[in-house]
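Structure first, commentary second.
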């Protein structure tokens, strides 16, 4: 019995005791009856053990869900959603999230705040196992307060990709293909059945269904004589959607699953054909932007860097003996300079090949590119042909300034192209002589009220773009008018590559000097140097004209 209830009952009995009369009297009889009734109430007045246990339990929990693949361009990653429940908009939530993906002791973490958090993993430690149909472990931890109550909650889930088991049944010149989804509870998807001659890339016969519900389906296809391969692909992505549902919510949502088998002897008899499973090979590719030192002649400053090209590497996601040729099919726009100062945009196409999977592409312009990576060769002596697109960015910075009407502040923002951008931003508005008027660090967006006039807008970034460490800066002319603002490129000062350390030094220099410093030199010194160079040129031209007049 609850101690508090016992104390209350004893106090009531003590209060009733003095009211008892002489033994056998009417008052004594009434008090006895009241006492018995109070004892009965105290005995019955106990909280339900189950209810008490429920009250001791934490009323909040974490719901975790993984979604794979989430596509961005031609890159795929894992989206992990974590949410406190039951939590509504009326609840006061303050705390921090840590969401960790783990496999074989290797972990990758992301942080966040609020009652719910959504993070996106493109890290190879997390994505590669799922590509190879291996499970990963995801843990979401919340540490903070809900309605003033201090809590630390954690939830771990295992994301296990679904698979497709394939069985073949021979019929004269056809084969009946059975596909069975495993590792999931429900599915609504389109099913693709393909039959290929062994070692060939083009299908001998194929069938694509509309969206169908259920975990198993079959289809009869024509087959070649001799060895052949069969592929069953289940695609759960809805039309026009980047992420599909389709495989239930137990451990996560997955958009697709594939099963492949090989019939080495073909269909020699009626009935089930003996098959060996083959996992769909995938290409793992990455890129590195090649840069070199850039000699600045126009400005007095430390040299920056310029893009020389892009180095690509690729390999098959297998531990087998891989032999063959890698080919990279590329196409990108290029501007040709014609006589008379005219320009012509043409599409430059080509193929680079290598046995080791490493090539240097010639792209230099800051833009997004798409390359088809193609491997033809053997794995453990068996012929394979795998082709896969790869998209990458040569990062570029974009700045903009906008003012909506008279009296409104000027909104200044910047962004960096790339799949994943993480780093440090600094933005400054300065006078023409380089003296900084406003300095902003953090998110690349801020508002500032500026009088009419002309300013210098400069943004510096250093960090990682698509996993590559770099720095970049850009300076533009900012013109503020009565009811609008706009920015204009300064020749030679847009999208300037820097080393990571040069980016750090530029930020530190601007903070210490309160000027648009990139090194020990300031923007005003460069301006003076440029003006001095112009003045020297004018003096030389004047001397030439004077000499010609004197000679004539």
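Distances between every pair of Cα atoms in the stretch 283-393, grouped in 5 Å steps from 0 to the bin holding the largest one, split as 2, 10, 17, 17, 14, 13, 10, 7, 4, 3, 2, 1, 0 percent.
Projected label points at residue 331 and residue 156, each 7 Å from Cα along the beta carbon direction, are separated by 5.0 nanometres. When only Cα pairs below 8 angstrom with a gap of at least 6 residues are kept, the stretch 386-506 shows a relative contact order of 25 percent. Taking the number of Cβ atoms within 10 Å of each Cβ as an exposure proxy, the fewest-first ranking of 120, 446, 392 is 120, 446, 392.
The mean sequence distance of close C-alpha pairs (under 8 Å, at least 6 residues apart), as a share of the length of the stretch 283-393, puts its relative contact order at 27 percent.
The Rg/Rh ratio for the stretch 397-521 is 0.96, where Rg is the radius of gyration of the alpha carbons and Rh is the Kirkwood radius. Among 267, 170, the order by Cβ neighbours within 10 angstrom, fewest to most, reads 170, 267.
Computed packing ranks the peptides 84-91, 307-314 as 307-314, 84-91, most packed first, by mean other Cβ atoms within 10 Å.
Using a cutoff of 8 angstrom between alpha carbon atoms and counting only pairs six or more residues apart, the relative contact order for the stretch 330-456 works out to 15 percent.
With Cα atoms as the point set, the stretch 122-218 shows a radius of gyration and Dmax of 20.9, 73 Å.
Starting from the exponent 0.38 and prefactor 2.2 Å, build the expected Rg for the stretch 148-203 from its residue count and divide its actual Cα Rg by it.
Dividing the Cα radius of gyration by 2.2 N^0.38 Å gives 2.04.
Measuring nothing but alpha carbons in the stretch 183-232 and taking Rh as the Kirkwood radius, the Rg to Rh ratio lands at 1.05.
Here the peptides 404-413, 343-352 are ranked by packing, the mean other Cβ count within 10 Å, and the order with the highest first is 404-413, 343-352. Counted residue by residue at 0.36 nm each, then reduced by the alpha carbon distance between them, the extension gain from residue 435 to residue 489 reaches 17.5 nm.
Among 291, 459, 160, sorting on how many other beta-carbon atoms sit within 10 Å of each Cβ, with the fewest leading, yields 291, 160, 459.
Only the coordinates and a few stated rules stand behind these numbers; no lab work does. Fair warning: this is a prediction, and the values are worked out from it, not measured in the lab. Because the Cβ atoms are built from the backbone with ideal geometry, glycine has one as well, and the counts that use them run over all protein chains shown.
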